[in-house]
Amino acid sequence: MLADMGYRSLAEFTLKNNRRVDVIGLDRHGKIIIVEVKSSAADFRSDNKWPDYLEFCEQYYFAVAEDFPRDILPADQGLIIADGYGAEIVVEAEARKVNATRKKSLTLNFARTAANRLHQLADPETR
(Lines give C-alpha, C1' and ligand atoms only; values in the text may rest on other atoms or scores of the structure.)
Protein backbone atom coordinates (compact mmCIF):
# COMPACT_ATOMS: atom_id res chain seq x y z
CA MET A 1 0.00 0.00 0.00
CA LEU A 2 2.75 2.47 0.88
CA ALA A 3 4.57 1.77 -2.38
CA ASP A 4 1.31 2.34 -4.28
CA MET A 5 1.04 5.72 -2.52
CA GLY A 6 4.56 6.67 -3.67
CA TYR A 7 6.43 5.90 -0.45
CA ARG A 8 9.60 3.92 0.02
CA SER A 9 9.58 2.28 3.40
CA LEU A 10 11.80 0.66 5.99
CA ALA A 11 10.69 -1.74 8.70
CA GLU A 12 12.10 -1.70 12.23
CA PHE A 13 13.62 1.76 11.94
CA THR A 14 15.27 3.35 14.98
CA LEU A 15 14.60 7.01 15.65
CA LYS A 16 17.04 9.44 17.33
CA ASN A 17 15.14 8.99 20.61
CA ASN A 18 16.07 5.27 20.45
CA ARG A 19 12.47 4.24 19.79
CA ARG A 20 12.01 1.71 16.99
CA VAL A 21 9.02 2.15 14.68
CA ASP A 22 7.43 -0.74 12.83
CA VAL A 23 7.39 1.03 9.45
CA ILE A 24 8.57 4.44 8.29
CA GLY A 25 7.86 5.78 4.82
CA LEU A 26 9.43 8.57 2.80
CA ASP A 27 7.89 9.92 -0.41
CA ARG A 28 9.59 11.76 -3.29
CA HIS A 29 8.73 15.13 -1.72
CA GLY A 30 10.35 14.16 1.59
CA LYS A 31 7.08 13.58 3.46
CA ILE A 32 7.54 11.16 6.33
CA ILE A 33 4.89 8.81 7.69
CA ILE A 34 5.07 6.22 10.44
CA VAL A 35 2.89 3.11 10.68
CA GLU A 36 2.63 1.19 13.94
CA VAL A 37 1.30 -2.35 13.52
CA LYS A 38 -0.86 -3.68 16.33
CA SER A 39 -1.65 -7.38 16.37
CA SER A 40 -4.11 -7.36 19.27
CA ALA A 41 -5.79 -5.21 21.90
CA ALA A 42 -3.22 -6.47 24.42
CA ASP A 43 -0.42 -5.39 22.08
CA PHE A 44 -1.88 -1.88 21.92
CA ARG A 45 -2.58 -1.61 25.64
CA SER A 46 0.95 -2.69 26.57
CA ASP A 47 2.57 -0.17 24.22
CA ASN A 48 2.97 3.26 25.75
CA LYS A 49 5.83 4.24 23.41
CA TRP A 50 3.86 5.29 20.33
CA PRO A 51 3.37 8.96 21.38
CA ASP A 52 7.18 9.28 21.27
CA TYR A 53 7.00 8.72 17.49
CA LEU A 54 4.72 11.65 16.68
CA GLU A 55 7.39 14.37 16.55
CA PHE A 56 9.23 12.35 13.86
CA CYS A 57 6.50 12.16 11.21
CA GLU A 58 4.05 14.25 9.25
CA GLN A 59 1.39 11.57 9.49
CA TYR A 60 0.97 8.68 11.92
CA TYR A 61 -1.11 5.54 11.42
CA PHE A 62 -2.03 2.45 13.35
CA ALA A 63 -2.36 -0.64 11.14
CA VAL A 64 -4.65 -3.36 12.43
CA ALA A 65 -6.66 -6.35 11.22
CA GLU A 66 -10.33 -6.02 10.29
CA ASP A 67 -11.50 -7.58 13.57
CA PHE A 68 -9.34 -5.35 15.80
CA PRO A 69 -11.40 -3.40 18.41
CA ARG A 70 -11.00 0.04 16.83
CA ASP A 71 -12.71 1.85 19.68
CA ILE A 72 -9.60 1.45 21.86
CA LEU A 73 -7.40 3.33 19.38
CA PRO A 74 -6.92 7.10 19.67
CA ALA A 75 -9.44 8.84 17.43
CA ASP A 76 -6.96 11.56 16.48
CA GLN A 77 -4.53 9.20 14.70
CA GLY A 78 -4.77 7.58 11.27
CA LEU A 79 -6.01 4.04 10.79
CA ILE A 80 -5.09 1.38 8.25
CA ILE A 81 -6.94 -1.92 7.99
CA ALA A 82 -4.60 -4.60 6.67
CA ASP A 83 -4.37 -8.31 6.05
CA GLY A 84 -2.03 -10.64 4.16
CA TYR A 85 -3.42 -9.44 0.82
CA GLY A 86 -3.47 -5.69 1.15
CA ALA A 87 -4.24 -2.61 3.18
CA GLU A 88 -6.50 0.41 3.08
CA ILE A 89 -6.54 3.72 4.90
CA VAL A 90 -9.91 4.03 6.64
CA VAL A 91 -9.08 7.10 8.76
CA GLU A 92 -6.75 9.69 7.27
CA ALA A 93 -4.00 10.79 9.64
CA GLU A 94 -3.80 14.35 10.88
CA ALA A 95 -1.08 16.35 9.14
CA ARG A 96 1.61 17.72 11.44
CA LYS A 97 4.86 19.62 10.98
CA VAL A 98 8.28 18.16 11.70
CA ASN A 99 11.04 20.49 12.85
CA ALA A 100 13.26 21.22 9.80
CA THR A 101 16.50 20.17 11.49
CA ARG A 102 14.92 16.96 12.76
CA LYS A 103 13.45 16.23 9.31
CA LYS A 104 16.84 16.65 7.61
CA SER A 105 18.51 14.38 10.16
CA LEU A 106 15.72 11.81 9.88
CA THR A 107 15.87 11.81 6.07
CA LEU A 108 19.64 11.30 6.11
CA ASN A 109 19.28 8.51 8.67
CA PHE A 110 16.60 6.89 6.49
CA ALA A 111 18.91 7.03 3.44
CA ARG A 112 21.93 5.67 5.32
CA THR A 113 19.89 2.89 6.90
CA ALA A 114 18.48 1.88 3.52
CA ALA A 115 21.95 1.95 1.94
CA ASN A 116 23.44 -0.09 4.80
CA ARG A 117 20.69 -2.70 4.53
CA LEU A 118 21.17 -2.95 0.77
CA HIS A 119 24.93 -3.23 1.21
CA GLN A 120 24.46 -6.04 3.76
CA LEU A 121 22.37 -7.96 1.23
CA ALA A 122 24.99 -7.53 -1.48
CA ASP A 123 27.99 -8.18 0.77
CA PRO A 124 27.05 -9.80 4.09
CA GLU A 125 30.70 -10.20 5.12
CA THR A 126 31.28 -6.44 5.55
CA ARG A 127 30.10 -4.21 8.36
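To keep it simple, each residue is scored yes or no on (1) touching a His at 6+ places or on another chain (Cβ under 9 Å); (2) among the aromatic types (Phe, Trp, Tyr); (3) in a helix (DSSP H, G or I); (4) exposed (fewer than 11 other Cβ atoms within 10 Å of the Cβ).
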{"position": "Ala63", "(1), (2), (3), (4)": "no, no, no, no"}
{"position": "Phe68", "(1), (2), (3), (4)": "no, yes, no, no"}
{"position": "Asp76", "(1), (2), (3), (4)": "no, no, no, yes"}
{"position": "Ile81", "(1), (2), (3), (4)": "no, no, no, no"}
{"position": "Arg96", "(1), (2), (3), (4)": "no, no, no, no"}
{"position": "Arg102", "(1), (2), (3), (4)": "no, no, yes, no"}
{"position": "Thr107", "(1), (2), (3), (4)": "no, no, yes, no"}
{"position": "Arg112", "(1), (2), (3), (4)": "no, no, yes, yes"}
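Could you tell me which of the residues Leu54, Leu26, Leu2 is at pLDDT 95 or above, assigned to a loop (DSSP other than H, G, I, E, B) and closer than 22 Å to Lys97 by Cβ?
Unique residue meeting the criteria: Leu2.
Of all residues in the stretch 2-45, count the ones that are surrounded by fewer than 16 Cβ atoms within 10 Å (Cβ to Cβ) and more than 19 Å from Lys104 (Cα to Cα).
Within the stretch 2-45, residues that are surrounded by fewer than 16 Cβ atoms within 10 Å (Cβ to Cβ) and more than 19 Å from Lys104 (Cα to Cα) number 12.
May I ask you to verify whether Gly78 is small (Gly, Ala, Ser) and within 23 Å of His29 (Cβ to Cβ)?
yes
Taking the conditions exactly as written (farther than 20 Å from Thr113 by Cα and either of a type in the set (Lys, Arg) or out of contact with any Pro (no Cβ under 9 Å at 6 or more places or on another chain) (or both)), does Tyr61 satisfy them or not?
Here the answer is yes, as Tyr61 does meet what is asked.
The values are calculated or read from the model by the stated rules, or taken from the named source; none is laboratory data. Bear in mind that the values here come from a model prediction, so they are computed numbers and not experimental data. Heads up, the Cβs are rebuilt from the backbone with ideal geometry, glycines too, and the neighbour counts pull from every protein chain shown.
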